[in-house]
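Take a look at the structure below.
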Amino acid sequence: MTADGPVLALSGISKRYGAVQALSDVSLEVYPGEVVALVGDNGAGKSTLIKVIAGVGPADAGEIRWQGRPVGVSKPADAVALGIATVYQDLALCDNLDVVANLFLGREETTSGIVLDEIAMEKKSRELLASLSVRLPSVRVPVAGLSGGQRQSVAISRSLLGEPKIVLLDEPTAALGVAQTAEVLDLVERLKHRGLGVILISHNLADVKAVADRVVVLRLGRNAGQFDPDKTSQEEIVQAITGALDNAVSRRKARAEGAADDVDEAEGEA
Ligand SMILES: Nc1ncnc2c1ncn2[C@@H]1O[C@H](COP(=O)(O)OP(=O)(O)O)[C@@H](O)[C@H]1O
Ligand SMILES: [Mg+2]
């Protein structure tokens, strides 16, 4: 790959669920150290696209390139092996376990392969959280006792233990208040500054404008524009999400075609 190429590039991605064409010919690129916001109305295909990348719901068609090379991502382990970490909307934390246990769930460290090395895991937990400026009352409290923002921060921190190159966040702030949302968006900024690519799904365009380097709009399972948030108003993004732009363009096109009807008829339809 070229040094400044995308770490992940999807093209021509299509995915059908029975009668529902959830994605049609979708393209998406993510560069190292870039936050891409994926936005669109309910049902636009955002989660489906995340699941394609995460290997949870492989695409029916299309190509996935990783650091310039075509790769197959047909199961979650494929995505993890490449360096793709996913934090889902309904985050899978174990409420009754403490922060350390949640961070190391499924990748526990042991002394001589038998006894859990609690001291090592606690030390690594503190270091990881400190490096991300995530502040918690204690790493030894059950996560049930944490705020929504703190819980989301634990889930995102956990995803970094596998040392991924990109992190997929499906609506990480959906259930959060203003202060907690800011906490999570700060964490997204820190992922970016570590050189990670981030794909962030969010409904909140103010949040999107605050952290995204690029905004990719999906509408009815198709690409519906991409924007530089610094140069684009929220209204323009909303228009792309709702299709108001398409409608304006198609009206203009219809008028133009109306004017050119005589020519079309003279030439005949090929
Ligand atoms: N497991 C599934 N089975 C059937 N249809 C699904 C499934 N998942 C998603 N869909 C449909 O695919 C479309 C895209 O859904 P989704 O990707 O969840 O949208 P978004 O995350 O943008 O709200 C919707 O029409 C949705 O109903
Ligand atoms: Mg969704």
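The numbers here are math on the coordinates, done by the rules we state, and not lab data. Small disclaimer: the values here were computed from a predicted structure and weren't measured. Cβ atoms come from the backbone with ideal geometry, glycine included; neighbour counts cover every protein chain shown.
Here the label points at ASN204 and ALA92, each 7 Å from Cα along the C-beta direction, are separated by 2.6 nm in the simple model.
A Förster radius of 25 Å combined with the Cβ-Cβ distance from ARG126 to ALA179 puts the calculated FRET efficiency at roughly 0.60. Projected over all directions and averaged, the alpha-carbon convex hull of segment 1-96 occupies 7.5 nm². Computed over the chain, the range of Cα coordinates on each principal axis works out to 84, 39, 38 Å, biggest value leading.
Length gained on full extension, LEU116 to SER74: 11.8 nm, using 0.36 nm per residue less the C-alpha separation. Where the alpha-carbon atoms of segment 5-161 are placed on the principal axes, they occupy 49, 34, 30 Å, in descending order. For the chain, a crude dipole built from +1 on the beta carbon of Lys and Arg and -1 on the beta carbon of Asp and Glu, taken about the Cα centre, is about 800 debye to the nearest 20.
Compactness check for segment 1-56: Cα Rg over 2.2 N^0.38 Å is 1.24. Across the alpha-carbon set of segment 45-100, the Rg to Rh ratio works out to 1.07, Rh being the Kirkwood radius. Apply the a/c threshold of 1.5 to the C-alpha gyration tensor of segment 98-193 and tell me whether it is rounded, prolate or oblate. Taking the square roots of the gyration eigenvalues as a ≥ b ≥ c, segment 98-193 is prolate.
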